[in-house]
1. In the stretch 311-361, with Lys and Arg counted as +1 and Asp and Glu as -1 at Cβ, which of these residues, Gly322, Leu332, Ala360, has the Cα nearest the positive end of the dipole, that is, farthest along it?
2. In deg cm²/dmol, rounded to 500, what helix-only [θ] at 222 nm does the chain give when every DSSP H run of at least 4 residues adds -39500 (n - 2.57) and the total is split over its residues?
3. In percent, how large is the relative contact order of the stretch 254-365, given Cα pairs closer than 8 Å and 6 or more residues apart?
4. Percentage of Cα-Cα pair distances in the stretch 311-361 greater than 12 Å, rounded to whole percent?
5. Normalised by the residues of the stretch 172-255, what does the relative contact order come to in percent, with Cα pairs under 8 Å and at least six apart?
6. Just how many % of Cα pairs in the stretch 1-139 lie over 17 Å apart, if you round to the nearest whole percent?
7. At 1.306 mPa s and 10 °C, plugging the Kirkwood radius over alpha-carbon pairs of the stretch 64-246 into Stokes-Einstein gives what diffusion coefficient in µm²/s?
8. What number results when the radius of gyration of the stretch 1-61, computed over Cα atoms, is divided by 2.2 N^0.38 Å?
Amino acid sequence: MTSSEQRLAAIRGGVPARRHNARTIAALTGNPGCTRRAVLDGAGVDKPKLAERIGFPARFGQSRFAITRGNAFEAQVKADGGAQLLRLVAERLGVPPGERADWTDLGADDLPDRHRRSRAVLTAAVPAGPDEPAALFDHPLLGLDVAGRRVHLEPDLVAARLAGRFHVVEIKSFPVIDGQADPGKVAAAAIQSAVYVLALRELLAVEGHDPELVSHDVVLVCPRDFANQPVASLLDVRKQLLVLRRQLDRMARIDTLLAAVPEEFTADLTADPATLTAALSTVEARYAPDCLAACELAYFCRHEAREQTAALGRPVREALGGVPTVPEVLALATGERTPEPEQAEAAALLRAAARLRAEALGLPA
Ligand code: SF4
């Protein structure tokens, strides 16, 4: 064990590291500048349990109903040996689907076997040219390194070989209504798909194939309107791949991250809540409203950052650059405080806004 590994094990109290999956890897990109999150995720700390222990339990996750509906939709889309799925994907990519597609289910059994089988089957299927027959591969098991640990990804995805390239196909149960889907859900699907694209590219590269054979265009299949009729759309995940690579590289340099963390820092779940809270506050965080949908510690960090202007979101942080706290904002708006030279512009805007508010409400200026 390296000294970093020892330190990470000590941080989580000697218990085994929590396993990542595509959703948690995708979530790593939600706030890449946050050291607190990078260290806790790098150490494999059970963040949902940590949040609960310190009195700020996470409040997100899929409902049982949504999971059941998602599984039913996925089974429907994959029925008929993937014939309907192939037609949808081919139509969306603008390529002929061919007579029929080979459907290979890589199974749901033991990790090492399935990983070996996935690698063998997918590399044997690397297309030699655009005329190769279409093929669909269900339940492949892929892998990625996160903070020096190998993470197995068990996607429900189908990797499709069409027109000489592999495409990741992601099946989601949120609806596309009048051609529009919830932008937040599409963004989450895009980053999760990018995790699969990256893992599939790495698999090909390790076996000596061109990673670019895996397209950055992901096919997203969702139910249309309020029926269960599937509809496919294309997502270009190049931007997500860049962000993901950058964050994984950062986590790979765990020594650098640990250098910013006090030696006695602990996230040991057997410690008392006050010790854990005090320890967390010694590691820099960058709370933003986006954290609420992406990180289990969001309610704790929001509470901690409640007087910080950054906690109100990027537009507010940018508009109030150089004014870090809400009490300072209020003091500048009322003129009780003289702005520093670099706060002059923000202060003028705040005073104007306060004047307008007073006029609108009929209050003394
Ligand atoms: S919730 Fe806290 S730890 Fe998580 S990313 Fe946001 S600031 Fe960082």
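Values in this text are rule-based calculations from the coordinates and carry no lab data. Keep in mind that this is a model prediction, so the values were computed, not measured. Positions of Cβ are backbone-derived with ideal geometry, glycine not excepted, and every protein chain shown enters the neighbour counts.
1. Ala360
2. -14000 deg cm²/dmol, from helical runs alone.
3. Relative contact order here is 14 percent.
4. 62
5. Relative contact order, the stretch 172-255: 33 percent.
6. Here the tail beyond 17 Å accounts for 75 percent of pairs.
7. The diffusion coefficient I find is 95 µm²/s.
8. 1.15
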